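Encoded as structure tokens, the structure appears first; notes follow it.
The values are calculated or read from the model by the stated rules, or taken from the named source; none is laboratory data. Just so you know, these numbers come straight off a predicted model, no measurement behind them. We place every Cβ from the backbone using ideal geometry, glycine too, and count neighbours over all the protein chains shown. The accessibility values were calculated without ligands, DNA or RNA, using every heavy atom of the protein model including side chains. Shrake-Rupley method; radii C 1.70, N 1.55, O 1.52, S 1.80 Å.
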Amino acid sequence: MRHADGESELPKLIRRYVTPDRRYLKLGGSPLGMSGRERGKFTRKLGEAASQISTRELGILLDGGWRERKTAAWLIAVAGRTEFRGRLGELLLANEGPYAGQAYCVALATFGTSADADLLVTYLHRYLPRPDLYYDQAAALGTLLLLDARLGVGQAAQFLTPDGLWQQWIDGPPSKDYETPDNYREFIGQLGDLADESARHCTARRR
């Protein structure tokens, strides 16, 4: 859903939430290598931003490019704004641009329900049969494995059988040099921990 006056507001929102300290580039694996003090400063500012941004402003960012969408997804994750679950699922399935899909997966991981797992299953059924596409298959599978462990279910198993969809996607063509699914689960878990650390500084956190 596009906001009629969002185009005029978008530059201001980018300056306030997306580009400070090049936040959009750091969201992801970069903070995992930061020193304790640097990481603490990063998570504090991210949590404060998640407190300040409104639901409407998040919607405007989600209508923007990959930088805006990536940042919005992280702010949504930190604040626990589950009302955006459907929108994030739509964006993940649409694959309208690069770089943001992992952030959608992090948000779904922080929501942590069977509804979020179902969105990931739908995504994997659509994109694992396409070995020609390098999208967010690894992040989605890692997130699903993480949710399986938390929910006590095994939805990821259907993709991990010998010669199953995951292996077929790896084998290609083209073939891919990828890590194990458990490595992706661990990585998404670390990103979820980063969101949780930031949430401690977010007064708007939905419990």
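The test for being aliphatic (A, V, I, L, M), crowded, with 23+ Cβ neighbours inside 10 Å and touching a helix residue (DSSP H, G or I) at 6+ places or on another chain (Cβ under 9 Å) holds for residue 46.
For every residue, the table says whether it meets (1) of a type in the set (A, V, I, L, M); (2) under 25 Å from residue 115 (Cβ atoms); (3) modelled with pLDDT under 95; (4) in contact with a strand residue (DSSP E or B) (Cβ under 6 Å, 6 or more places away or on another chain).
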position: 1; (1), (2), (3), (4): yes, yes, yes, no
position: 12; (1), (2), (3), (4): no, no, no, no
position: 36; (1), (2), (3), (4): no, no, yes, no
position: 52; (1), (2), (3), (4): no, no, no, no
position: 62; (1), (2), (3), (4): yes, yes, no, no
position: 83; (1), (2), (3), (4): no, yes, no, no
position: 91; (1), (2), (3), (4): yes, yes, no, no
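Restricting segment 120-150 to residues that are open to solvent by less than 30 Å² (accessible area, probe 1.4 Å) and among the polar types (S, T, N, Q) leaves a set whose member that is farthest from the chain's Cα centre (by Cα) is 137.
For segment 110-119, taking the residues that are in contact with a helix residue (DSSP H, G or I) (Cβ under 7 Å, 6 or more places away or on another chain) and assigned to a helix (DSSP H, G or I), the one that is most open to solvent (accessible area, probe 1.4 Å) is identified as 114. Suppose the filter is among the charged types (D, E, K, R), surrounded by fewer than 17 Cβ atoms within 10 Å (Cβ to Cβ) and over 19 Å from residue 119 (Cα atoms); does residue 56 pass it? For residue 56, the condition - among the charged types (D, E, K, R), surrounded by fewer than 17 Cβ atoms within 10 Å (Cβ to Cβ) and over 19 Å from residue 119 (Cα atoms) - is met. Inspection of segment 161-182 identifies no residue that is crowded, with 16+ Cβ neighbours inside 10 Å and part of a loop (DSSP other than H, G, I, E, B). So in segment 59-74, with the set limited to residues that are surrounded by fewer than 24 Cβ atoms within 10 Å (Cβ to Cβ) and among the small types (Gly, Ala, Ser), which one is nearest to residue 98 (Cα to Cα)? If we take residues in segment 59-74 being surrounded by fewer than 24 Cβ atoms within 10 Å (Cβ to Cβ) and among the small types (Gly, Ala, Ser), then 65 is nearest to residue 98 (Cα to Cα).
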